[in-house]
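Just below is one structure, and these are the notes that go with it.
The values are calculated or read from the model by the stated rules, or taken from the named source; none is laboratory data. All of these numbers come straight from a predicted model, not from anything done at the bench. Counting neighbours? That spans all protein chains shown, and the Cβs are built from the backbone with ideal geometry, glycine included.
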Amino acid sequence: MNASTIFIAMLPEHVLLAGIVALLALEIAGGRSRLALGISLAAVLAACAVALSLAQQGYAAVPFPGQLSVAPAVSVAQAIVLALAIPSLLISRDDFPGRTFHVLVLSSLYGACLMVSADSFLTLFLGIELLSLPVYALVVLAYRRPESAEAALKYLVLGGTASATLLMGAALLFGASGSLGLESFRLALDSRDGFAVAGVLLVLVAFFLKAAVAPFHTWAPDAYDAASVPVTAFMATLVKAAVLLAAARLFGTAPLGPAATGIIAALPLLSIAWGNLAAMRQPGLRRMIAYSSVAHAGYLFYAFLGEGALRFQAIAFYVLAYGVMNLLAFAVLPPDGDDRARDRLDNLKGLVHRQPYAAVALAIAMLSLAGLPPFPGFIAKFLIFKNAIAAGYTLYGVLGLVGSYLGIYFYLRVVQYLFMSEAPAGTRSCAPGGLAAGAGLLCLAAAVVMSVAPGWVIDLLP
Amino acid sequence: MREALALNLVLFLPVAGIVALATVPRGRGDRIRAIAFWTLAIQFALTAWLYARFDASDAGLQFATRLPWIPDWGVYYFIGLDGYNVLLVLLTAFLGPLVAAGAFSAITRDVRLFYSMVLAIQFTMVGTFLAQDLFLFYLFWEAMLIPMFLIIGIWGGERRIYATLKFVLYTAFGSILMLAAVIYLVVSIKSTTGIETFAFADLYRSRLPLDTQVILLAAFGLSFAIKVPIVPLHTWLPDAHVEAPTAGSVILAGVLLKMGTYGFMKLGFPLFPQATQLLAPAIATLAVVSIVYGACLALVQTDVKKVIAYSSISHLGYVMLGLASFNLLGIQGAVMQMVSHGLVAGGLFLMVGMIYERCHTREIAAYGGLAKILPLYAVFFAILALASIGLPTTSGFTGEFLALLGYFTSAWPQYLQGERLPIALAVAAVSGVILGALYMLWLAQRMLFGETRAPHRPFPDLTGRERAILVALVAAIFALGLFPAGPMSRTELAARQYRELVTAPAAPAVALEQPR
């Protein structure tokens, strides 16, 4: 461990930290709040570029042995999370003109970067908490609607439960192996020791809670619904991506073992079915996305059924495709002074005649989330199910695919509203703001690249 | 080389057309129509040129392009023409400009979106036929749903949303099981040979155990059978046809349904030959049930579109019967019937659209004696109706006759060995021809002759544009009926290859070649 290794290996984190410091200085100096967006964007862009270039160079280092290490997969994971943050920041300006939002987002990102490079449960816990705590605040920050306080509290309590579960699991694993390193988890996967198995299950439950896998998903619809749109986008895409990428790091390439196989095959399937069924009946986009994200968490955990070496690639591609398409949907959602009205699916009726570009972009996002080709969601889903079936989980693969079929209906319903329904009298829609439109274009460009050249994108993932 | 380039151009021209449409300023519907029409016309011209250049004595893939697309998974961008798809691509490209021209006056709302969707569906249909890589095939196959969903849902009739959701959810269910089967097929080949490949030519050489074959054939077959559609999976079709705008109906009947039969011919049966042999009697039975049941349903409809929709189910039953005959004539008849039905049913739907634009009803009872007030319309309608019945000299005759002949030829020796079912099926299938004559002639009689009756009179006879469309269609129908040798020579080697693949005896696993 020497200073230069720490400096280079954690450079993305350092850049984020510099951004946070600059934002705090701005707060003290009382500068213009538009500057805040610029600073946070610059910090995230720079951090993302650094992470990408570290990945490109194949940089690997161990700045804190046993606690934190960096490898190309880590840098790629960080780059994905940071890249997803860019559209999230761009769509935030109308809802959050102040500086608070940006400090919270950058802190959360710092936690995400830490999580995906963790080598021990201590670092992982630190990362998860740093990721989550600002998000609780972000939910309350939303519009000060009465229900957002309630939802944030619910989120906080269940998030606290997840932390407690994770710590308990880590403690049991420590008891079984005498180590707090993540490898104690991998070793315990194959163990028959009761403590070790209980530890594995508790850690898994913590991740299920964080990723909103049924039946641990109940906080998600309320929290997503009560938060304002940029925060929902942040939670649905970036937080989920960070949690899943951290889980990929936790599992590594270790085989699942009997106890984990059962739970990882059953709960995600339940999640897919329940998420897709419940999403059919939601009147608002955010609640619908929340339930659909429960289903998507199910697909994502299916990736762990696949062979160890292929897991990271499948998860990375999926969170990227899923995140980009979700962000596209939120970016082009027509702004509305009334946050509740903005959300109602009824207000999207006949949008094609008022905002044709927004309607087309929203439709692309929905069809991709539904997993229909030629959009990237299809390739992402294909990769995950191919790996699961290749590893011998044919029945679960088929059931998961059939479950994903259930999801097609409610995504199509949004498309139907956009294109085939008459708008209720007096519906008006504003065009998305300039920055939001830019975020939408960015996501659309990413989607085109992932559809036309998926091979190239997959090659970038180690 | 030039031909390969042209084939890629045929595939991607519609995409270029969509991009061009996006640049047209608002409110310029005429320019949008012109761009869409000429894009499709050029596509047809190029396809016709490729058809002329197609070497009938070459059994392999012609004008092929093969580029790595997702190299990690062994997925290639791999397209080419062969005896299986050459006629169907030509049919698709031929119907394209007619569909576009047929909708000039019917579609006045969201014109840009409409023609974008027509071009998009043309892209996906041609892509499905040309694909020689299973991943690519599936991509196009499934992507086709999206433009069709919008075409029916936006420009359709009264119950359009119900119809379009039914169509998409029905077909998507088949597709999702096919996706599982695709993955399983590729994975199991990889586990035995160590090579991950999606190329059709490699997949044909897979030797799977019989029980696996049956399950996979069921999964592929469900998806294809829904598209064909085979009774009892046909219930989406009448709704979709009736509610779709004319262009949607023509695309559906003309090309989309052939995706199912093409899928069986190119993939379903040859990939799983032993399962196909085992299930051949069941397949033939379902085909005959479709023929007879479709015809019976067509007989009792009161809506013109529904008559033609149910007649499609009946006519595509012959295709399935021909494919299940494992007899060269039967197979070639099946291919001819696919093309013929595309022209005839497409033409009939266009004609229904033309009268609907004038009278705004599709009730048969609302019409009568059209021969007196719309003589030209009546002539074309009669020709198409006769072609649908399969009158000699029209394309319908070639296809139906050969398919039946082929099935008889293979059923007779089985009868002599004491196997009664095939010959009974063949006889029942022939009764479908009679029923076909019955409902089609009755329809023509009620609409064209008798007491003159039509809402919203007076109205003009066919316009120049409509005449041009119908003349092109009728010319193609007669050309196929009078000179079937040209097209049939191009499909003959593919038919032989299909027969060899499907009748192959079970063989031990052989190693696949390394990918080139």
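Observations, loosely collected:
- Checking region A:93-108 against the condition returns a match, with at least one residue being hydroxyl-bearing (Ser, Thr, Tyr), within 17 Å of the chain's Cα centre (by Cα) and part of a helix (DSSP H, G or I).
- Subset of region B:107-130 [at negative phi and within 12 Å of another protein chain (Cβ to nearest Cβ)]: B:Arg109, B:Arg112, B:Leu113, B:Phe114, B:Ser116, B:Met117, B:Ala120, B:Phe123, B:Thr124, B:Gly127, B:Thr128
- For region A:208-248, filtering for residues that are more than 15 Å from the chain's Cα centre (by Cα) and closer than 20 Å to A:Leu124 by Cβ leaves 1.
- When A:Glu183, A:Glu147 are checked against the criterion of being under 24 Å from A:Glu307 (Cα atoms) and either acidic (Asp, Glu) or free of Cβ contacts under 8 Å to residues at least 24 places away in the same chain (or both), a single residue qualifies: A:Glu183.
- Restricting the search to helices (runs of 4 or more DSSP H) fully inside region B:205-303 and requiring at least 1 residues that are in contact (Cβ under 8 Å) with a residue 40 or more places away in the chain, crowded, with 24+ Cβ neighbours inside 10 Å and charged (D, E, K, R) gives B:210-227, B:236-243, B:257-263.
- Out of B:Tyr162, B:Tyr184, B:Tyr138, sole residue that is within 11 Å of another protein chain (Cβ to nearest Cβ) and under 17 Å from the mean Cα position of the chain (by Cα): B:Tyr138
- Condition check for B:Ile70: within 14 Å of chain A (Cβ to nearest Cβ), touching a helix residue (DSSP H, G or I) at 6+ places or on another chain (Cβ under 9 Å), at negative phi and not basic (Lys, Arg): yes
- In region B:352-366, of all residues being under 22 Å from B:Leu435 (Cα atoms) and not charged (D, E, K, R), the one that is nearest to the chain's Cα centre (by Cα) corresponds to B:Val352.
- Considering the conditions (1) surrounded by fewer than 19 Cβ atoms within 10 Å (Cβ to Cβ); (2) hydroxyl-bearing (Ser, Thr, Tyr); (3) within 18 Å of A:Gly257 (Cα to Cα), A:Ser184 is excluded by exactly one of them, (1).
- Answer residue from region B:165-181, given it is at the interface with chain A (Cβ under 7 Å from one of its Cβ atoms) and of a type in the set (Gly, Ala, Ser) and is farthest from the chain's Cα centre (by Cα) among those: B:Ala180
- Scanning region B:141-159 for residues that are more than 7 Å from chain A (Cβ to nearest Cβ) and β-branched (Val, Ile, Thr) yields a total of 2.
- Exclusive hit being basic (Lys, Arg), closer than 18 Å to B:Glu466 by Cα and either surrounded by 24 or more Cβ atoms within 10 Å (Cβ to Cβ) or in contact (Cβ under 8 Å) with a residue 60 or more places away in the chain (or both), set B:Arg362, B:Arg358: B:Arg358
- Checked against the criterion of being closer than 21 Å to A:Ala446 by Cβ, at the interface with chain B (Cβ under 10 Å from one of its Cβ atoms) and modelled with pLDDT under 95, region A:312-328 has at least one qualifying residue.
- Some residue of region B:174-182 being among the polar types (S, T, N, Q) and free of Cβ contacts under 8 Å to residues at least 60 places away in the same chain: yes
- Here B:Thr197 fulfils each of the conditions (1) assigned to a helix (DSSP H, G or I); (2) more than 9 Å from chain A (Cβ to nearest Cβ); (3) crowded, with 23+ Cβ neighbours inside 10 Å apart from (1).
- Some residue of region B:313-330 being among the polar types (S, T, N, Q) and closer than 18 Å to B:Gly353 by Cα: no
- Here is the figure for region A:436-450: residues that are surrounded by fewer than 21 Cβ atoms within 10 Å (Cβ to Cβ) and within 21 Å of A:Leu367 (Cβ to Cβ) total 7.
- B:Val379 satisfies every condition listed in (1) under 30 Å from B:Ile331 (Cβ atoms); (2) modelled with pLDDT of 90 or more except (1).
- Filter pass, B:Gly83 being modelled with pLDDT under 90 and of a type outside the set (A, V, I, L, M, F, W, C): no
- When residues in region A:109-131 are screened for being part of a helix (DSSP H, G or I) and either buried (at least 22 other Cβ atoms within 10 Å of the Cβ) or among the β-branched types (Val, Ile, Thr) (or both), 13 of them pass.
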